[in-house]
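Please treat every number below as a calculation from the coordinates, not as lab data. Since the structure is predicted, the reported quantities are computational estimates derived from the model, not experimental observations. Here the Cβ is made from the backbone with ideal geometry for all residues, glycine too, and neighbour counts use every protein chain on show.
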Amino acid sequence: MVDLKKILPKRFFSRGNWVQPVLAVVFSAFLLWRLYRILFVEQIYGPDTWVKFAISGLILGSVYAVIALGYTLVYGILFMINFAHGEVMMLGAYTGYFTLEAFRGAGMLDWNWAGPIVEGIAAGLGASPDAATEAGAIASLVLVVLIAFVLGMLVSMLTAIGLERIAYRPLRQAPRLVPLISAIGASLFLQNAAQLMFGATPRVYNNPTLLNRDAGWTLLVGGEWVEYAGVTVWEGKPVLITYTGVITFVMSILLMVLLLILVQRTKMGKAMRAVAEDKQTAALMGIDIDRVIGNTFAVSGLLAGAAGVLWGLHMGRLNPIVGFLPGLKAFTAAVLGGIGNVAGAMMGGITLGVLEALGPGLLGMPFQLKDVLAFSILVLVLIFRPQGILGEVLSEKKM
Amino acid sequence: MKTLRRMSVAILIVTLAAMVLACGAQPYECTDEWGCAVFEAGETIKLAYVGPMTGDYSAFGVDISRGVELAVKDHGTVQGFNIEIIVEDTQGASEQGAAVANKLSADSRVVAVVGHTFSGSTEVSIPIYDKSGVVMMSPSATNPSLTGLGSSVFNRVAFTDEMQGQAAAQYIYETLGARQIVVMHDGGAYGQGLAGVCADAFEGLGGTVLGTEAVTPGEADYSAPLAAVAALDPDLVYFGGYDADAAVLVSQMAGAGLQEAMFFGCDGTYGANYLNLAGSSAEGTFSTYVPIPESEAFSKFRTDYQADYGQEQGELSPFSPHGYDSAALLLNALDKVAVKSGDQLIIPRKALADAVRATADYSGLTGNISCTAVGECAAASIKFMQVQGGEWTEGPGQ
């Protein structure tokens, strides 16, 4: 017989508390019943629609994950929630926009500078000329996008460092609530500054032609037997996987891995973990606290900038308040995964994105209520497992 | 004794005469139910415009406010007192609408409001203005229920969504030939109301509404709800909402599997902003427009608009002539009820509201305007536009 007391957390059974287990059982039963009805009885959506939901969720989730990484890093080291993080992302996105606009203005957005070089190499290797042209075009594209990324990340990094110097450093000795309020103030300031500088009208990213938001691979999913002139053919339904979506997902995983390496394997990471564990002792050990905190914000700024450019390339829509809602959701994701935990932020982000996309469909809820779903999940996690799903702290060494 | 009696009588007569003279020279007493706004010499009369001046939907606010400015410029002064336009920003949100209404009600020099612009923010402001007695003339709030709230201050020159939804359903069924549609909206008073009217009218004509899907406004990714709509395989998607959200929807429709479906918007999705944001995805999509009858006044309006603002009238939104007419109607009523008393100008609030409601046969830019007892003052009809070659052109079959 399974010993429930050993598996479930202690608070379930503390002082005769029966409310939580009952709630958990009722809720799980309800969820399972809904899932059964949607998936097997009503069958509103075919497998291709579920795949579309999943893809949309994964991509959105990966953007949330990158932003959440920034939140979690700052919280892990300073125990402070940087509410202006969304605005740092917004500024990175705008920088990427202006970079691409500059390229477009100079007519260089689709500039195939690498073409001749690659074709030369291909001719030397004896490869087909078509493949060479394509490779050349892609190489040129990579440079343009890379420049947009680098500039966006740079501006975000500078903003984050400036934010730390002006809004947070003077308040380091103050009670925990004060830097929080300062963060909210900084967030409002950056939103309005962006509105004054860039105007309130929404802008749209003009991607290079190869990276058009409609272009991508078409997958054939599910389908049915269709008769064509007496012959029955299995025809799958098309699902589009956009190039920008794949880039977003891959970049976010890459950024997480890089961050993990930074925190676990480098000297700066070691210093960050030391400051996270005990600020005073670390100072006594000779670690420059100010520099470490500055570095932390710089890294979080880089991440936010990358997230901003990814947002712009994939979603396309840009306005001064674009950072607010994703910032809030990313914070939720960080808490969901365990704030202070890098892998937790990534997991939390993707989970939240997938829940937002698949949740309304699975539960038969209207899509209008997806935010209700997302924040309800947060509330439930905070009730049943306040330390988050992976619930560890940044300072612990993992090998 | 006789002298004393004569003197007393004389004093009595003089006193009585003085009282009569004083009565005649007494200032105008405000007997209006809702009070009066009193302006001293040199003060300006405040006319407010409320709309989304910043944020995603700023095109509408900016465009209509320009109409208001031109109207005030053309009208000049009211009995020698200048009109000052106070522009308030709601960002298209209902909560802001209530906050702005409270702010304007507290200012005793605000006598009338051109607004609000969006139905959602208008709905919440009507009870606030009702209480403070500030008359409203909305250029663009089209939700049908607004004039059914029993308000004595709310009026509008815009058409109602009752009319727009039914005309759209008819156009979709008869001219475009769609038989199965999905109705989408943004959950706001305007979008949801309009979508509901269109769905009912379409079913009444014999078509099928496969489903209704609501989206959260302001998001950048609607691929999940669009995937759900694509699973229903409709001929056409009808959307009630504003341009910024419609632009995201059309951009993501093809990717979600709705390449074959047509997209039909509304007056909220019309404008240059929608074309900019949606780019090539907007090709072939529809929306509603208000055609203005040709007249000398309209030509002058177009020239003035181009000269003052460097943009063509009708580019940002269909409602700048409505902004002009709203302001002009309010000023016309002000002229009628304002009383000059000495150096002061006194404007009785209820009399002003009644004068606005009693407008009959007023020749405005949008047509010949007469207000009904509930405040419907619409004159213009609607037309459907389609994006062809990156420009808004008249839709087929009209």
How do B:LYS131, A:LYS52, A:LYS370, A:LYS237 rank when sorted from fewest to most other Cβ atoms within 10 Å of their own Cβ? B:LYS131, A:LYS237, A:LYS370, A:LYS52
Apply the a/c threshold of 1.5 to the C-alpha gyration tensor of the stretch B:106-262 and tell me whether it is rounded, prolate or oblate. prolate
Please build a GNM for chain A, connecting alpha carbons under 10 Å apart, and tell me which residue among A:LEU328, A:LEU35, A:LEU180 fluctuates the most. A:LEU35
Sorted by average packing, counted as other Cβ atoms within 10 angstrom per residue and highest first, what order do B:247-255, A:380-388 take? B:247-255, A:380-388
Per GNM of chain A with C-alpha springs under 10 angstrom, the most fluctuating residue out of A:GLY126, A:GLY61, A:GLY245 is A:GLY126
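Where Lys and Arg each count +1 and Asp and Glu each count -1, what net charge lies around B:ASP354 among other residues with Cβ under 15 Å from its Cβ?
So the surrounding residues net to 0.
With +1 assigned to the C-beta of every Lys and Arg and -1 to the C-beta of every Asp and Glu, and no other charges, what is the dipole magnitude of the protein assembly as shown about the Cα centre in debye, to the nearest 20?
Charge dipole, the protein assembly as shown, about its Cα centre: 3760 debye, nearest 20.
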What value, in deg cm²/dmol to 500, does the helix sum -39500 (n - 2.57) over DSSP H runs of n ≥ 4 give at 222 nm once divided by the residues of chain B? -13500 deg cm²/dmol
DSSP-defined antiparallel bridges as percent of all bridges, chain B, nearest 5: 40 percent
Most exposed to least, judged by fewest other Cβ atoms within 10 Å, B:ARG302, A:ARG265, A:ARG37 sort to A:ARG265, A:ARG37, B:ARG302
Fewest to most Cβ atoms within 10 Å: A:MET251, A:MET346 sort as A:MET251, A:MET346
If you average the C-alpha positions of the stretch A:231-283 and of the stretch B:223-258 separately, how far apart do those two centres end up, in angstrom? 31 Å
Count charges around B:PRO318 for me, please; just the other residues with Cβ under 11 Å from its Cβ, Lys/Arg as +1, Asp/Glu as -1. -2
Tell me the Kirkwood hydrodynamic radius of the protein assembly as shown in angstroms, computed as one over the mean inverse distance between distinct C-alpha pairs. 30.0 Å
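Answer rounded, prolate or oblate for chain A, using the Cα gyration tensor with square roots of eigenvalues a ≥ b ≥ c: rounded when a/c is under 1.5, else prolate when a/b is larger than b/c, else oblate.
Values: a/c = 1.84, a/b = 1.09, b/c = 1.69.
Oblate.
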Of A:LYS267/A:LYS329; B:LYS350/B:LYS383; B:LYS73/B:LYS103; B:LYS300/B:LYS336; B:LYS46/B:LYS300; B:LYS336/B:LYS383, which ones are farther than 29 Å apart at the Cα? A:LYS267/A:LYS329; B:LYS350/B:LYS383; B:LYS336/B:LYS383
Counting DSSP beta bridges with both ends in the protein assembly as shown, the antiparallel % (nearest 5): 50 percent
Rounded FRET efficiency, nearest 0.05, which uses the C-beta distance separating B:ALA41 from B:LYS73 and R0 of 30 Å: 0.85
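Based on the Cβ-Cβ distance of A:LEU171 and A:LEU35, what FRET efficiency does E = 1/(1 + (r/R0)^6) give at R0 = 56 Å, to the nearest 0.05?
It comes to 0.75.
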Choose one answer from A:PHE198, A:PHE103, A:PHE27: the residue with the largest mean-square fluctuation in a GNM of chain A with alpha-carbon springs under 10 Å. A:PHE27
Pairwise label distance in nanometres, A:ILE117 with A:ALA139, each label 7 Å out on the Cα-Cβ vector: 0.6 nm
Averaged over peptide B:202-215, how many Cβ atoms belonging to another chain are found within 10 Å of each residue's Cβ? 1
Treat every Asp and Glu Cβ in chain A as -1 and every Lys and Arg Cβ as +1, leave all other atoms uncharged, and give the resulting dipole magnitude about the Cα centre to the nearest 20 debye. 1740 debye
Given points 7 Å out from each Cα along the Cα-Cβ axis, report the B:ARG179 to B:LYS340 separation in nanometres with one decimal. 7.0 nm
